[in-house]
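**Q** My structure is below; once you've seen it, I'll send some questions.
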Amino acid sequence: MAAGVLSGGAFGERYGRRRVFLPGVAALAAGSLAVAVSDGFAQVLAGRSAASAGPWSCPPPSP
């Protein structure tokens, strides 16, 4: 997670925070929706994997 947040911060500085943040939130929402509608362990695992791709793009704000 720490390496992902550092990468997300670098991408945010380079491409703009909003351009990095919005796809990350969309990936988190899509993965969470996939988990919510799943009916087996494999689908839950796939949804959680997809959802974990989102938060790396939401770095803490820097001063």
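**Q** Filter the range 26-43 for residues that are surrounded by 14 or more Cβ atoms within 10 Å (Cβ to Cβ) and under 13 Å from the mean Cα position of the chain (by Cα) and give the result.
**A** A27, L28, A30, G31, S32
**Q** Select from the range 15-41 the residues that are aromatic (F, W, Y) and at pLDDT below 90 and list them in ascending order. Break it down stepwise before answering.
**A** As a first pass, look at the range 15-41 and keep what is aromatic (F, W, Y): 15, 21, 41.
Within the range 15-41, Y15, F21 qualify.
**Q** Does G16 satisfy the condition of being open to solvent by less than 60 Å² (accessible area, probe 1.4 Å) and in contact with a Ser or Thr (Cβ under 7 Å, 6 or more places away or on another chain)? Don't jump to the end; show me each part of the working.
**A** Values: open to solvent by less than 60 Å² (accessible area, probe 1.4 Å): yes; in contact with a Ser or Thr (Cβ under 7 Å, 6 or more places away or on another chain): no.
Answer is no for this residue.
**Q** Would you say A50 is among the small types (G, A, S), at pLDDT below 90, assigned to a helix (DSSP H, G or I) and open to solvent by 50 Å² or more (accessible area, probe 1.4 Å)? Before you say what the answer is, go through the steps one by one.
**A** On the way: among the small types (G, A, S): yes; at pLDDT below 90: yes; assigned to a helix (DSSP H, G or I): yes; open to solvent by 50 Å² or more (accessible area, probe 1.4 Å): no.
Spelling it out, it is not the case that A50 is among the small types (G, A, S), at pLDDT below 90, assigned to a helix (DSSP H, G or I) and open to solvent by 50 Å² or more (accessible area, probe 1.4 Å).
**Q** Consider only pairs whose beta carbons are under 7 Å apart and that are at least six residues apart or on different chains; among these, list those whose first residue lies in the range 18-44 and is under 12 Å from P55 (Cα atoms) and whose second residue is among the charged types (D, E, K, R) and open to solvent by 50 Å² or more (accessible area, probe 1.4 Å).
**A** That search, which allows pairs on different chains as well, returns G31/R48.
**Q** Which residues, taken from the range 12-47, are of a type outside the set (D, E, K, R) and not in a helix (DSSP H, G or I)?
**A** From the range 12-47, those of a type outside the set (D, E, K, R) are 12, 15-16, 20-38, 40-47; that's our starting set.
Scanning the range 12-47 gives G16, V37, S38, G40.
The values are calculated or read from the model by the stated rules, or taken from the named source; none is laboratory data. None of the values given here were measured: they were computed from a predicted structure. Glycine also receives a Cβ, built like all others from the backbone with ideal geometry; neighbour counts cover every protein chain displayed. When the accessible area is computed, the model is the full protein with side chains, heavy atoms only, and any ligands, DNA or RNA have been set aside. Shrake-Rupley method; radii C 1.70, N 1.55, O 1.52, S 1.80 Å.
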